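The values are calculated or read from the model by the stated rules, or taken from the named source; none is laboratory data. From a predicted model like this one, the values you see are computed outputs, not experimental measurements. Don't worry about glycine lacking a Cβ; one is built from the backbone with ideal geometry, like all the others, and counts go over all protein chains shown. Areas reflect the complete protein model, heavy atoms only, side chains present, ligands, DNA and RNA absent. Shrake-Rupley method; radii C 1.70, N 1.55, O 1.52, S 1.80 Å.
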Amino acid sequence: MDNLSWIRDKDIRRGVNDAIQKTLTPALSEKLFPGHFMVEADGEHFGQTWVFPGLDAWEISGAYLLMGKIRAVLDYFDFAHASQREDGHIPFAVFPIDKPPVAEGAIKNIRYPEDMFTYAPIQREGQPPHSNMSAQQWIGLFEHWVPNNPLGVLGPISYLLTGEDIMSFTNDVNWLREKIGSLEQAGRYVLSCKCENGLIDGAGFYMEMYSRHKWDGVTQCYAIHAFHRLAGLHQKLGDEETAALWLSNANELQTHFQEFFWQEDHYAEYIHPEHGIVDFHGLTDVNWAAVAFGIADEEQSALVWNVMTREHRFWRGDFPTQVISVAYLFRDWEIAERMPFQSLSMGELHDVAAMGRVWYLEAMACIRMNDTARLVKSVELVCAMGARFGGYWFERYQPLQTWDVFPTGAKRYCEYAAILTRIVLGNQHIFS
């Protein structure tokens, strides 16, 4: 999408242009296979050969769809499909393999050769001539190196949401018929993670350090949302019976979520298997998620919106959105043992930060609550932060003891660029 002249505000227009031209476009290298993209503009931090079929892929592919790169997203989805295990699970990371890997460090829980797969791209019109079309061997990473296995259901839920995004753009029922079995398997895997209390295991949905052991509120909200989307996909195929089953699964999980997490005017953060409800980090991203996905009812949404929008610490450093409002108030049992291979720049509370994934939830909640002023202001602040660093965004912005934030992680990360693109291009009536 080259012409952004319809964007009314010049600073927002510049920010979106930087996101597309400086980060998202160069990240779409397509060298390893058609549709391959990196999670940063240059691959300097995470490398040029890894694929991350979890949150990153869903966020970035959604931006590519809005940029008109539908063929590339279809090609990527074929790869993600090939990575799926027989039980429906989708890895959160994948890398090419030509010899047995050494199971240590960040890949200490790799399963070789069980989780190897071969991917040979199919030909599709518009693929670049430099893409590798040969069959290659890959291996998926399904278990995290952090104890309690955070990101446990990130892959399959992100895969479901990417499939739904593709259908919303293409409305290609034939494509959906081909993929619905795989999407159904992914949903069943998530459902298989339901515990006796009715909640979905998986620790931190998109949090690694700290890991929110064991029942993260964001995990519950995303699972409910994904079940609804899967029901909608079955409805597009005229399968009302299966759609009804997934709506029932969504409603049942929503009932348990409300029972365990609602706290008079907000939602708790997570539930620990020994220490119970965790609700002492101030207000958290769980509230944005419950509103964004329509899980909070009208009365609850009004109460949540009142307390959340008055909490100025979510925008510490004039930048959205911190994951929690009260930073660094932690119990020792929340913090995982430090691994010997961890970088000195990666602390045990690395994810106590502003991240694009949290801003996305806030932005979607703004849209649901019709709070256009807050949405636009958040976009302005994100664009300003990008301009501050030459038109690029970092992976995380950690809170300091002063009002400011400290940028850390990958320096040209795709997440904020992708979310900015999704918000603005996906809501042209607001920004034109």
(message) Can you say whether GLY35 is part of a loop (DSSP other than H, G, I, E, B) and open to solvent by less than 10 Å² (accessible area, probe 1.4 Å), as far as the supplied structure shows?
(response) yes
(request) Take region 62-80 and flag every residue that is within 22 Å of PHE46 (Cα to Cα) and touching a helix residue (DSSP H, G or I) at 6+ places or on another chain (Cβ under 8 Å). (result) GLY62, ALA63, TYR64, ALA72, VAL73, TYR76, PHE77, ALA80
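Yes/no per residue for (1) surrounded by fewer than 24 Cβ atoms within 10 Å (Cβ to Cβ); (2) β-branched (Val, Ile, Thr):
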position	(1), (2)
ALA373	yes, no
SER378	yes, no
VAL382	no, yes
ARG388	yes, no
TRP393	no, no
LEU400	yes, no
TRP403	yes, no
ILE419	no, yes
ASN427	yes, no
(message) Here is a list: GLY140, GLY155. Which entry is closer than 21 Å to LYS108 by Cβ, under 20 Å from the mean Cα position of the chain (by Cα), at pLDDT 95 or above and not in a helix (DSSP H, G or I)?
(response) GLY140
(request) Would you be able to tell me the number of residues in region 212-228 that are within 30 Å of TRP145 (Cβ to Cβ) and open to solvent by 10 Å² or more (accessible area, probe 1.4 Å)? (result) 4
(request) Can you tell me which residue among ASN109, ASN171, ASN148 is farther than 24 Å from VAL218 by Cβ, out of contact with any Gly (no Cβ under 6 Å at 6 or more places or on another chain) and of a type in the set (S, T, N, Q)? (result) ASN171
(request) Please give the number of the condition PHE280 fails out of (1) closer than 19 Å to ILE367 by Cα; (2) of a type in the set (Phe, Trp, Tyr); (3) free of Cβ contacts under 8 Å to residues at least 60 places away in the same chain. (result) (1)
(request) State the number of residues belonging to region 48-83 that are in contact with a Phe, Trp or Tyr (Cβ under 8 Å, 6 or more places away or on another chain), in a loop (DSSP other than H, G, I, E, B) and either small (Gly, Ala, Ser) or free of Cβ contacts under 8 Å to residues at least 60 places away in the same chain (or both). (result) 5
(message) Every residue in region 85-104 that is closer than 20 Å to GLU184 by Cα, touching a residue at least 40 places away in the same chain (Cβ under 8 Å) and out of contact with any Ser or Thr (no Cβ under 6 Å at 6 or more places or on another chain), please.
(response) ARG85, ASP87, GLY88, HIS89, ILE90, PHE92
(message) Looking at (1) at pLDDT 95 or above; (2) more than 24 Å from ILE423 (Cα to Cα), which one does ILE107 not meet, given that it meets all the others?
(response) (1)
(request) Output the residues belonging to region 304-339 that are open to solvent by 60 Å² or more (accessible area, probe 1.4 Å), assigned to a loop (DSSP other than H, G, I, E, B) and over 21 Å from TRP403 (Cβ atoms). (result) ARG331, ILE335, GLU337, ARG338
(message) What's the total number of residues in region 97-112 that are out of contact with any Asp or Glu (no Cβ under 9 Å at 6 or more places or on another chain), within 8 Å of ILE139 (Cβ to Cβ) and open to solvent by less than 80 Å² (accessible area, probe 1.4 Å)?
(response) 2
(message) Just to check your reading of the model, which residue among ASP332, ASP285, ASP318 is under 24 Å from ARG422 (Cα atoms) and either basic (Lys, Arg) or over 20 Å from the mean Cα position of the chain (by Cα) (or both)?
(response) ASP318
